Amino acid sequence: MLKFNCKSCDLSIIGETHGLNLAAEFDNFSEKISSIIKSLNQRKDKPNEWLQWMNLGYNEETVWYVKEFASMVEGRFDNILVLGIGGSALGGLAVTEALLKPYWNLLSEEKRNKLPRIFFLDNIDPDTIKGLLDAIDLKKTLVNVITKSGDTAETMAQYMILKDLMEKELGDNYRKNIVVTTDKKMGVLRQLADQEGYKIFYVPDDIGGRFSVFSSVGLVPFALVGLDIDQMMNGIKDMDLELKNTDIRQNIAAQYALIHYLMYQKGKNISVMMPYSSRLKYIPDWYAQLIAESLGKEFNNNGEKVNVGITPLKAIGATDQHSQIQLYNEGPNDKIITFIRVEEFENTLEIPKIFEYTGVGYLGGKTINDLLNAEADSTKVVLSDCERPNITITIDKIDEYNIAQLLYMLEVQTAIAGELYNINTFNQPGVEQAKNYTYALMGRAGFDGSAEGLKEKLVNV
Ligand code: PA5
């Protein structure tokens with residue numbers, strides 16, 4: 001269950017200059033929000049609306065196939081290696097980091113309940129790729145190649161390196177060590193996977209990468225490392241029901257979206273996400289892509305040039321109290337900060353009662369949990385004292401149900417925010433352009449036209 005506290009965005013707490021009259025704004029926008037929620041729910045089953053991610057909680061068939069595959073390969077692999085980038089990697093990375101035991105890949109097989117380690121190659125740094133290849137035994141590795149388009153240069157280049165190496169090491173058997181997640185029809189990978197006879201999972205139509213974490217993109221790696229994907233589905237379904245409520249006062253995604261939208265008009269053009277939990281450290285990376293690609297747009301739906309977008313900023317508590325908080329408290333008042341708090345940690349760590357008669361004696365007998373909570377509380381109060389708007393989302397504990405609820409709520413709020421800005425939330429022309437330039441520079445057929453002009457431009461930039 002998620003608890004949502006937005007009081008520190010209200011003018012009664014942070015003053016009129018930086019705060020909002022939340023009750024009045026919820027009234028002003030109640031009709032608009034209600035019609036947005038109705039429209040999203042009406043459009044979600046229609047083709048080309050890119051809202052199929054709103055149906056993923058109900059996708060029992062995929063869950064069944066994914067679990068069947070995971071049980072078929074159970075015990076065969078020491079490592080899962082995910083090849084993917086952007087929306088094909090960030091959700092997997094964020095969720096596995098949150099839900100697997102910390103330092104999972106360092107644990108003994110016994111402590112991992114004989115489940116495999118998991119690695120994400122989400123970049124093309126040659127040293128990192130080689131480093132990982134030196135560290136794992138490919139014979140005991142299942143490679144999950146994930147690319148919705150089936151064309152992305154980074155992922156396909158990684159796949160080509162891996163395929164070549166595996167074929168050399170494993171002979172014809174290498175095919176059993178590769179599973180592909182891609183589009184049903186389009187893309188080079190789809191054709192190659194068919195030719196090679198790999199096991200394939202499909203990314204459903206009308207789901208963009210950044211909204212795909214609960215499709216087979218995320219579910220396959222989650223099931224392979226033993227996460228409870230049924231509980232994830234339950235979390236999404238329950239949250240989906242809550243977020244169908246058209247009354248903004250009862251709908252936390254609508255409140256979150258509206259507050260950010262109104263704060264943006266007040267010059268808060270940076271959205272900081274700061275979990276007070278190391279296990280949640282990649283959630284801000286996933287969220288950064290979600291809002292940056294979805295809400296950062298040049299034109300609105302009327303074709304007017306708007307150049308909107310709230311800039312995501314990642315932080316982690318308590319670590320960043322010793323790095324970024326100075327800026328948040330005293331620098332430009334251009335941020336809205338979201339804290340993510342965890343009520344109940346899996347462990348309670350007592351600080352021993354030693355050094356009693358020294359300056360650190362006060363810590364003895366307390367717990368690390370007390371200390372983390374005290375730091376989170378203090379930061380929130382100081383920020384509010386400094387008139388800095390902030391929101392706190394609290395989950396009772398880190399588990400499959402709650403993490404799925406959190407991510408799904410953030411997806412829905414992004415869709416609502418896109419409607420408020422009147423932009424296309426689901427396209428990414430700015431990403432496509434850079435992809436096309438890369439293809440041109442790398443000599444891909446069909447893209448050579450722009451290559452010459454591009455080379456000239458490169459000299460000047
Ligand atoms: O959200 C998106 O659409 C992008 O970030 C993509 O996920 C990213 O570019 C990778 O694309 P693909 O899955 O087609 O390889």
>> Whole angstrom only: what separates the Cα centroid of the range 421-461 from the Cα centroid of the range 96-132?
In response: 33
> So for the pair residue 369, residue 43, with labels modelled 7 Å out along Cα→Cβ, what separation do we get in nm?
Replying inline: 4.4
> Farthest toward the dipole's positive end in the range 52-229, which of 86, 118, 147, given Cβ charges of +1 (Lys, Arg) and -1 (Asp, Glu) about the Cα centre?
Replying inline: 118
> For the chain, what class follows from the C-alpha gyration tensor (a ≥ b ≥ c being the square roots of its eigenvalues): rounded when a/c is under 1.5, otherwise prolate if a/b is larger than b/c, else oblate?
Replying inline: oblate
> Which lysines have a Cα lying under 16 Å from the Cα of residue 199, excluding residues fewer than 8 positions away in the same chain?
Replying inline: 67, 148, 163, 176, 184, 185
>> How big is the dipole moment of the range 52-229 about its Cα centre under a simple scheme where the beta carbon of each Lys and Arg is +1, that of each Asp and Glu is -1, and everything else is neutral? Debye, nearest 20, please.
In response: 260
> Distance from the Cα centre of the range 45-61 to that of the range 182-249, in angstrom?
Replying inline: 10
> In the range 380-461, with Lys and Arg counted as +1 and Asp and Glu as -1 at Cβ, which of these residues, 381, 442, 430, has the Cα nearest the positive end of the dipole, that is, farthest along it?
Replying inline: 442
> Taking the Cβ-Cβ separation of residue 460 and residue 133 as r and a Förster radius of 41 Å, what is the calculated FRET efficiency to the nearest 0.05?
Replying inline: 0.60
> Quick one: length gained pulling residue 269 to residue 123 fully straight, 0.36 nm per residue minus the C-alpha distance?
Replying inline: 49.8 nm
> Which shape class, rounded, prolate or oblate, goes with the range 245-377 when its Cα gyration tensor gives a ≥ b ≥ c as root eigenvalues, a/c under 1.5 marks rounded, and past that a/b bigger than b/c marks prolate?
Replying inline: prolate
> Out of residues 5 or more away from residue 272 or on other chains, whose amide H comes under 5 Å of its own, with H placed 1.01 Å from N in the peptide plane?
Replying inline: 313, 336, 337, 338
>> To check you understand DSSP bridge types, tell me what percent of the beta bridges within the chain (both residues inside) are antiparallel, rounded to 5.
In response: 15
>> Let me check against my output: what whole-number percent is the relative contact order of the chain, with C-alpha pairs under 8 Å and at least 6 apart?
In response: 21
>> Can you compute the charge dipole magnitude of the chain about its Cα centre, using +1 on each Lys and Arg Cβ and -1 on each Asp and Glu Cβ, nothing else charged? Give it in debye, rounded to the nearest 20.
In response: 400
> Between residue 175 and residue 58, 0.36 nm times their residue separation minus their Cα-Cα distance comes to what?
Replying inline: 39.0 nm
> So between residue 378 and residue 250, what do we pick up on full extension, going 0.36 nm a residue minus the alpha carbon distance?
Replying inline: 43.3 nm
> Based on the Kirkwood radius over alpha-carbon pairs, what is the Stokes-Einstein translational diffusion coefficient of the range 52-229 at 37 °C with 0.692 mPa s viscosity, in µm²/s?
Replying inline: 203
>> Using 29 Å as the Cα-Cα cut-off, could you pick out the over-long pairs in 3/366; 281/335; 101/168; 44/297; 46/244?
In response: 101/168
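Read-outs: derived from the displayed coordinates by stated rules, not from any lab. Please read all numbers here as calculations on a predicted model, not as lab measurements. Backbone-built Cβ (ideal geometry, glycine too); neighbour counts: all protein chains shown.
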